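Notes for the one structure printed next.
Just so you know, all these numbers are worked out from the coordinates, no wet-lab data involved. Quick caveat: nothing in here was measured; it's all calculated off a predicted structure. Backbone-built Cβ (ideal geometry, glycine too); neighbour counts: all protein chains shown.
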């Protein structure tokens, strides 16, 4: 399907329904799709499950979405940070559910979703509280825990440049979860700093091929 | 590594400060290793790697051959380490996404990782992610992936907690990060090699072996010596 080149972030997040699972890219602020999150707040979808490495910093972006009471459940590896006061408060008040997932398992569960893998045996977390209640299997003398894919209804990611077909390139460590989230959601929305003509990106450098991308929008702020 | 692999006691040197501990860890990282340094104290190890060490630093947010922390005029919001601190890249650096970054970890391609810890058991169980306190918000990050992924896992910690209790224990009281995954423990008072049989003391600092053994309640032996 042809990528939709949106005029603004509001158009890019249109139609996200209540109860959706939303994959949100970024590691700290690097690669965080701040303008898309702000647009999602304006758009109003609620009862969301958010899958992201962190659970919001300060009072903006993901933290602002949480503060508005739009998020029922967070799936992440590292919610607790020096400036995660919004999440901390909601969690302690019992107003938000949390599933903590080891960071690599979080990435791999989304990779599995995008790659059509039904589940996978992973050595991470064996013998720890995060493996409690999960099926395990010994393979070649090592114990593994069964992990299931995480599929999103929507992925909101930040990339550096898109071409008008929707091919994406990233910049430095802002790449982080973007490429894997782009494979794992029904609708993938990327905010980028620049949109170039088709053919202007070196095909050898494309990280996320256009097949994964549904909507792109150029934002003025740093991605 | 400790060249003779037999116990070296340094009762007149130590306890070690944090930078001295970091220097001992750096000494034991083989030339040319691919290494991940955990958030916090282990980051100091980078400052003690000698010129020409050939060590390539990995940061799990997607970079190999990470350079030092960025100076004010080098700060780039797109280039941070796992602690979200602005860093730099060295010639020969490579970027990759999160699933690849953890695949190279889980897949056994990293030679060494250095982590902090709340507790380590003598047989190498690691507890470093959660105190288990009822009001604590659990946050694991990449700790569990690192613990089981790198070929060698080094822990850097003080040997005793602020309340005086040893952090090298028979069995961890805190929730585990990984089972039997720690190879070496570097502390202010001693360096240990861990294995299924228990802890082997490689070096002591500011204390002799016998005094050290008297303060710990774990299966302990001096390197190259008969079990005591």
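Evaluate the following for residue A:66: is it closer than 30 Å to residue B:177 by Cβ, touching a helix residue (DSSP H, G or I) at 6+ places or on another chain (Cβ under 6 Å) and either assigned to a strand (DSSP E or B) or within 13 Å of another protein chain (Cβ to nearest Cβ) (or both)? It would help to see each step written out before you state the result.
Details: closer than 30 Å to residue B:177 by Cβ: yes; touching a helix residue (DSSP H, G or I) at 6+ places or on another chain (Cβ under 6 Å): yes; either assigned to a strand (DSSP E or B) or within 13 Å of another protein chain (Cβ to nearest Cβ) (or both): no.
Answer is no for this residue.
Against the definition (in a strand (DSSP E or B), within 8 Å of chain B (Cβ to nearest Cβ) and in contact (Cβ under 8 Å) with a residue 40 or more places away in the chain), how does residue A:156 come out, yes or no? I'd like the intermediate steps shown before the answer.
Details: in a strand (DSSP E or B): yes; within 8 Å of chain B (Cβ to nearest Cβ): no; in contact (Cβ under 8 Å) with a residue 40 or more places away in the chain: yes.
Spelling it out, it is not the case that residue A:156 is in a strand (DSSP E or B), within 8 Å of chain B (Cβ to nearest Cβ) and in contact (Cβ under 8 Å) with a residue 40 or more places away in the chain.
Search region A:191-214 for residues being part of a strand (DSSP E or B) and more than 10 Å from residue A:165 (Cα to Cα), and hand back the single one that is nearest to the chain's Cα centre (by Cα). Step through it out loud before you land on a result.
Initially, region A:191-214 is screened for residues part of a strand (DSSP E or B), giving A:191-192, A:194-196, A:208.
Filter once more, so that each one left must be more than 10 Å from residue A:165 (Cα to Cα): A:191-192, A:194, A:208.
On the way: A:191: 13, A:192: 15, A:194: 21, A:208: 14 Å.
Checking each candidate, the answer is A:191.
Being within 14 Å of chain B (Cβ to nearest Cβ) and within 14 Å of residue A:77 (Cβ to Cβ) is the filter here, so list the residues in region A:26-60 that pass it.
A:26, A:27, A:28, A:51, A:52, A:53, A:54, A:55, A:56
Considering only residues that are away from chain B (no Cβ under 12 Å) and assigned to a strand (DSSP E or B), which ones fall in region A:93-135?
A:97 - this is the single residue of region A:93-135 that is away from chain B (no Cβ under 12 Å) and assigned to a strand (DSSP E or B).
Test of understanding: among B:94, B:133, B:117, B:103, which residue is under 25 Å from residue B:180 (Cα atoms), over 22 Å from the mean Cα position of the chain (by Cα) and either free of Cβ contacts under 8 Å to residues at least 60 places away in the same chain or outside any helix (DSSP H, G or I) (or both)? Walk me through how you get there before you give the answer.
Numbers: B:94 fails: under 25 Å from residue B:180 (Cα atoms); B:117 fails: over 22 Å from the mean Cα position of the chain (by Cα); B:103 fails: over 22 Å from the mean Cα position of the chain (by Cα).
The unique qualifying residue is B:133.
Among residues belonging to region A:69-85 that are assigned to a loop (DSSP other than H, G, I, E, B) and more than 14 Å from chain B (Cβ to nearest Cβ), point out the one that is nearest to residue A:43 (Cα to Cα).
Filtering region A:69-85 down to residues assigned to a loop (DSSP other than H, G, I, E, B) leaves A:69-70, A:77, A:79-84.
Narrowing further to those that are more than 14 Å from chain B (Cβ to nearest Cβ): A:69-70.
Working: A:69: 14, A:70: 11 Å.
Filtering first and then ranking leaves A:70.
When you scan region A:24-47, how many residues do you find that are free of Cβ contacts under 8 Å to residues at least 60 places away in the same chain and either touching a helix residue (DSSP H, G or I) at 6+ places or on another chain (Cβ under 6 Å) or surrounded by 24 or more Cβ atoms within 10 Å (Cβ to Cβ) (or both)?
To start, the set of residues in region A:24-47 that are free of Cβ contacts under 8 Å to residues at least 60 places away in the same chain comprises A:28-29, A:38-39, A:41-47.
Going one step further and asking which of them are either touching a helix residue (DSSP H, G or I) at 6+ places or on another chain (Cβ under 6 Å) or surrounded by 24 or more Cβ atoms within 10 Å (Cβ to Cβ) (or both), we end up with A:39, A:41.
Residues meeting the conditions: 2.
Rundown of residues vs (1) within 14 Å of chain A (Cβ to nearest Cβ); (2) surrounded by fewer than 20 Cβ atoms within 10 Å (Cβ to Cβ), yes/no style:
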position: B:17; (1), (2): no, yes
position: B:54; (1), (2): no, yes
position: B:79; (1), (2): yes, no
position: B:95; (1), (2): yes, no
position: B:109; (1), (2): yes, yes
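I'd like the full set of residues that are part of a loop (DSSP other than H, G, I, E, B), within 14 Å of chain A (Cβ to nearest Cβ) and buried (at least 19 other Cβ atoms within 10 Å of the Cβ), limited to region B:139-171.
As a first pass, look at region B:139-171 and keep what is part of a loop (DSSP other than H, G, I, E, B): B:139-142, B:150-151, B:157-159, B:161-165, B:167, B:170-171.
Within this subset, residues satisfying the condition of being within 14 Å of chain A (Cβ to nearest Cβ) are B:139-142, B:150-151, B:171.
Matches in region B:139-171: B:139, B:140, B:141, B:142, B:150.
Identify all residues within region A:33-55 that are in a strand (DSSP E or B) and more than 21 Å from residue A:91 (Cβ to Cβ); write none if there are none. Show your work before the answer.
The initial filter retains those residues of region A:33-55 that are in a strand (DSSP E or B), namely A:48-51, A:54.
Passing the criteria: none in range.
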